[in-house]
Amino acid sequence: MIVDLPSSTTSAVNRKLVELRESGGVQALGRVLTLVIITDDGPAIEGAIEAANSASREHPCRVIVLASGQRRAAARLDAQIRVGGDAGASDVIVLRGYGPLAAGEPAAGLVMPLLLPDAPVVAWWPGEAPAVPSEDAVGRLAQRRITDALSAKNPVKAFEQRRAAHVAGDTDLTWTRLTSWRALLATALDAPPHEDVTAAVVAGETVSPSTDLLAGWLAARLGVKVKRSPAANGPGLVSVVLQRPSGPVELVRPDGKIGSLRQPGQPDRLVALARREVRDCLAEELRRLDPDEIYGEALAGVARTTRGRTPVTVPAVSS
Amino acid sequence: MTAKQAAGWTNPLRDPRDKRLPRIAGPCGLVIFGVTGDLSRKKLMPAIYDLANRGLLPPGFALTGFARRDWATQDFGNVVYEAVKAHARTPFRQAVWDRLAEGFRFVQGSFDDDDAFDRLEATVRELDRERGTGGNHAFYLSIPPDAFPVVCKQLARSGLARQEGLEQWRRVVIEKPFGHDLASARELNEIVNDVFPEDSVFRIDHYLGKETVQNILALRFANQLFEPIWNSHYVDHVQITMAEDIGLGGRAGYYDGIGAARDVIQNHLLQLLAFIAMEEPTSFSSDELRAEKTKVLKATRLVGPLDETTARGQYSGGWQGGEKVPGLTEEEGFDPESGTETYAAITVEVDTRRWAGVPFYLRTGKRLGRRVTEIAVIFKRAPHLPFDATMTEELGQNAFVVRVQPDEGVTMRFGSKVPGSTMEVRDVTMDFGYGTAFTEASPEAYERLILDVLLGEPSLFPVNEEVERSWEILDPVIEHWHAAGTRPDPYPAGSWGPESADLMLARTGRTWRRP
């Protein structure tokens, strides 16, 4: 059910929510967190809500979409409440603020009265994020701040900002996209021979914050020389090579879909390693609400990597 | 596990703070015997796909089917495909399927066929070479227990059970029933342990793979709220129920002569009892967990006289939920004179300081009111009520109910004032539902258990000691029933069991909860 409340106030929204709850049962009682999505008004909203609804199947939450409308307009708040089938396992409140309500403290003031009692608050910027999320008016309300450097207009600059402004509680989806890579690499090292890694090379698209971040993670964890090289082919992250005395462990993904794990003395193993969708990443992000220290270390590790110039060529994986 | 074997070496890429990194099994393969069975198609194959889809299986994972059917590997692949399409929990992804399907193999043969096992051995070796399974293989025996000895022998003879070197592992997974009494359980354990050391044996009790059952430990030991009242000072009694609304049509071969007590109480219900009654383990390592479970099972004993503290029944035909259903003796394949019980209830006590004097009532049955499994901890009444008797007429005993299935969650019942000008107290319920407070996406029990087998994580699998102890508890009841020479009491299909079960509780002034 979708209820529109044009030219409204947050107390009217709250009243309506209680009314809907009384008539429609016990929604919003078992919610485990409040997810605030900060975005510009426009078509991007629906995609973000869809991702949030899908994530809410795993983490029932209240979703507050803060969409900033026209800044040069009279102050007005248009609210919309979605419950039931239109909202997955969440209730969705869309707040469109215009004029002075479009941004900053007044916009954060719209969110405040609608936060669930006690439950943690997560802020998510699916597109452009503020330079310092933790100092943003909404960001300050949240325990966890999720950004996505890759979806910014200038991913390289956004990633630089993340590195410069990182505080505990921040994460970026560039990190979430790496989880399956990191898991495969860690598992490869779990098995014998248990040798130290002596050097590592990470290759990927020139503009690929995830590739930089993986190199940073390896540098931070392994304490060895890690080179970040451009890849001659393939989207995103393309190859990781960990040098060991007995030979290299290689994980490559030249086509963005299928990966291949290569180790000396063992047959090559193919693995489905498609780039993860935003909703999967979001669900993973919501799984943990404590600061991700390893992410912080990986960001710091980026400074310790060296840039390679020679493009790395990875031959296609045969299946 | 590899981590244990490589003492002194820590993987630099792992960190306990890095909670995102999932546990992926190392290189390995799984061989399923009885691959054409229901369990295999409805549970195992979908669970394997779901694990692959979640990225938790190693690259190069191999799945080998062994059965009598004259199939080629491709036919086997089709069967798995159909099973996955029909029963998998996660969406179908072609890329994941393609990688998984590359690791399928099928070996045709019967259990007494030496040649077939030699071919299986060759297949497994070939997988080590082609797929890099590294000599790590688990054998899932989804077969009737009377086939265990011959399969175990074959696994030993063909060398399949032998692990070469410390870095390889061979494991065996077995399903209930683990025998039908203490003697047969011991015999079975001997047969299995003859071939596989106990730490390589994984006994599946799929209840233990359920989130709610593991949540019992979290509820009890991670909260301050419940543990102080979790003892005989406050608890009046505990009821553990596993009810099914289906009958036994088509299961005569297994069930006739076995009965409800052996089928369910010995394994599922006593395991649930162990979780609800055990002391706090000093850590969550599998050794500590099993030590506490064994301890509490060792302290568990039957309450007598058995005539009064146990009940058994057999469903008779009638109308159940708008459907005409036959009684057990009319079911196809059952002896018309069958004395097999389809309902069983027993009373046990746990002889520890914590539980002294608190009866635990365990009941299970087929063709009962509805399908439900739950554990209800019923508390004593408040020692003094500053209300008139008329005010609290509708106040029952407080209860804490763990709903294991369906609708997993926890219910609490307590008294609350009825709105109005008079003081009247009535029972209300407070609900926590897994489905609404977390996740539709919670993994199936088999996913968790299969992954644990591949990882070599034994916490959720009962050891032979627990199995044998459970039989020790139950055996006297069955012997007593046999010695009595009477038939089980009939109860109408769709009811909550025979009258004798109600009498069994009524003797101590208690009643069964309607779940």
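Residue A:179 contributes about 10 Å² of solvent-accessible surface, heavy atoms of the protein only, 1.4 Å probe. Once the Cβ-Cβ distance of residue B:70 and residue A:119 is raised to the sixth power relative to R0 = 60 Å, the FRET efficiency obtained is 0.55.
Under 16 Å Cα to Cα from residue B:295, which aspartates and glutamates show up? Leave out anything in the same chain fewer than 8 places away. Result set, ordered by chain and number: B:279, B:280, B:287, B:349, B:351, B:465, B:466, B:468, B:472. Indicate, rounded to the nearest 5 percent, the antiparallel portion of the DSSP beta bridges found entirely in the protein assembly as shown. Of the beta bridges lying entirely in the protein assembly as shown, close to 50 percent run antiparallel. For the chain pair A and B, the interface hides roughly 3500 square angstrom of accessible area in total, found with a 1.4 Å probe.
In region A:50-81, the residues whose accessible area drops by at least 10 square angstrom when the other protein chains are added to the isolated chain are A:57, A:58, A:60; the probe is 1.4 Å and only protein heavy atoms count.
In this label model, residue A:73 and residue B:246 are separated by 5.7 nm, measuring between points 7 Å along each Cα→Cβ vector. When DSSP beta bridges are restricted to pairs lying wholly in region A:179-307, around 70% turn out antiparallel.
The stretch between residue B:407 and residue B:113, if pulled fully straight at 0.36 nm per residue, gains 101.3 nm over its current Cα-Cα span.
Other protein chain C-beta atoms within 10 Å of residue C-beta, averaged over B:58-66: 3.
Could you compute the FRET efficiency for residue A:198 and residue A:233, with r as their C-beta to C-beta distance and R0 at 25 Å, rounded to 0.05?
Approximately 0.40, to the nearest 0.05.
Assuming a ≥ b ≥ c are the square roots of the Cα gyration tensor eigenvalues, decide whether region B:8-165 counts as rounded (a/c under 1.5), prolate (otherwise, with a/b larger than b/c) or oblate.
Oblate is the answer for region B:8-165, as a/c is 1.5 or above yet b/c matches or exceeds a/b.
Counting other C-beta atoms within 10 Å, and keeping those with at most 11, which DSSP coil GluC sites (Glu not before Pro) do you find in region B:153-233? The qualifying sites are B:164.
Shielding value for B:86-96 is 1, the average number of Cβ atoms from other chains within 10 Å of each residue's Cβ.
Residues in the protein assembly as shown average 42 Å² of solvent-accessible surface per residue, probe 1.4 Å, ligands and nucleic acids excluded. Here's the list of lysines a cross-link from residue B:43 could span, going by alpha-carbon distance under 26 Å and ignoring same-chain residues fewer than 8 apart: B:85, B:176, B:210, B:366. Ligands, DNA and RNA left out, the 1.4 Å accessible surface of the protein assembly as shown is 51% carbon and sulfur atoms. Each Lys and Arg Cβ is given +1 and each Asp and Glu Cβ -1; about its Cα centre, region A:2-147 then shows a dipole of about 220 debye.
A DSSP coil position with no more than 10 other Cβ atoms inside 10 Å describes the following trypsin sites (Lys or Arg not before Pro) in region B:303-392: B:353.
Sequence-distant contacts, meaning Cα pairs under 8 Å at least 6 residues apart, place the relative contact order of chain B at 17 percent.
Fully extending the segment from residue B:224 to residue B:167, taken as 0.36 nm per residue of separation minus the present Cα-Cα distance, adds 16.3 nm. Shape of the protein assembly as shown from its Cα gyration tensor (a ≥ b ≥ c, root eigenvalues): rounded if a/c is under 1.5, otherwise prolate when a/b > b/c, or oblate? Note, shape of the protein assembly as shown comes out oblate. When the Cα centres of region A:244-305 and region B:21-39 are compared, how far apart do they sit, in Å? Using only Cα atoms, the two centres lie 24 Å from each other.
Take each residue of peptide A:265-278, count the partner chain Cβ atoms within 10 Å of its Cβ, and average: the result is 5. Using R0 = 30 Å, the C-beta based FRET efficiency linking residue A:275 and residue A:225 works out to 0.60. Over chain A, calculate the relative contact order: mean separation of alpha carbon pairs under 8 Å at least 6 apart, over the residue count, as a percent. Answer for chain A is 15 percent. Classified by the C-alpha gyration tensor, region A:2-147 has an oblate form. Its axis ratio a/c, with a ≥ b ≥ c, is 1.5 or above, and a/b does not exceed b/c.
What does the extension gain come out to for residue B:233 and residue B:487, with contour length at 0.36 nm per residue minus their alpha carbon separation? Taking residue B:233 through residue B:487 to full extension adds about 87.6 nm, to one decimal. Amide H contacts of residue B:28: B:62, each under 5 Å away and 5 or more positions distant or on a separate chain (H built 1.01 Å from N in the peptide plane; Pro and chain starts excluded).
Between residue A:134 and residue A:154, the simple spin-label model (points 7 angstrom out along Cα→Cβ) gives 2.4 nm.
Specify the inter-centroid distance of region B:305-366 and region B:120-154, based on alpha-carbon positions, in whole Å. What the calculation gives is 38 Å, centre to centre. Taking every DSSP beta bridge that has both ends in chain B, the antiparallel portion is near 55%.
Short-range pairs are left out: with C-alpha atoms under 8 Å and at least six residues apart, the relative contact order of region B:345-484 is 14 percent.
With the simple model of a label 7 Å out from the Cα in the direction of the Cβ, residue B:295 to residue A:309 spans 6.8 nm. Cross-link reach is defined here as a Cα-Cα straight distance under 30 Å, omitting same-chain residues fewer than 8 places apart; for residue A:225 the lysines meeting it are A:157, A:257, B:4, B:19. Dividing the summed helix terms, -39500 (n - 2.57) for each DSSP H run of n ≥ 4, by the number of residues in the protein assembly as shown produces a 222 nm estimate of -9000 deg cm²/dmol to the nearest 500.
The values are calculated or read from the model by the stated rules, or taken from the named source; none is laboratory data. Since the model is a prediction, treat every value here as computed from it, not as a measurement. Heads up, the Cβs are rebuilt from the backbone with ideal geometry, glycines too, and the neighbour counts pull from every protein chain shown. Side chains are part of the model used for accessible areas, which takes the heavy atoms of the whole protein and leaves out ligands, DNA and RNA. Shrake-Rupley method; radii C 1.70, N 1.55, O 1.52, S 1.80 Å.
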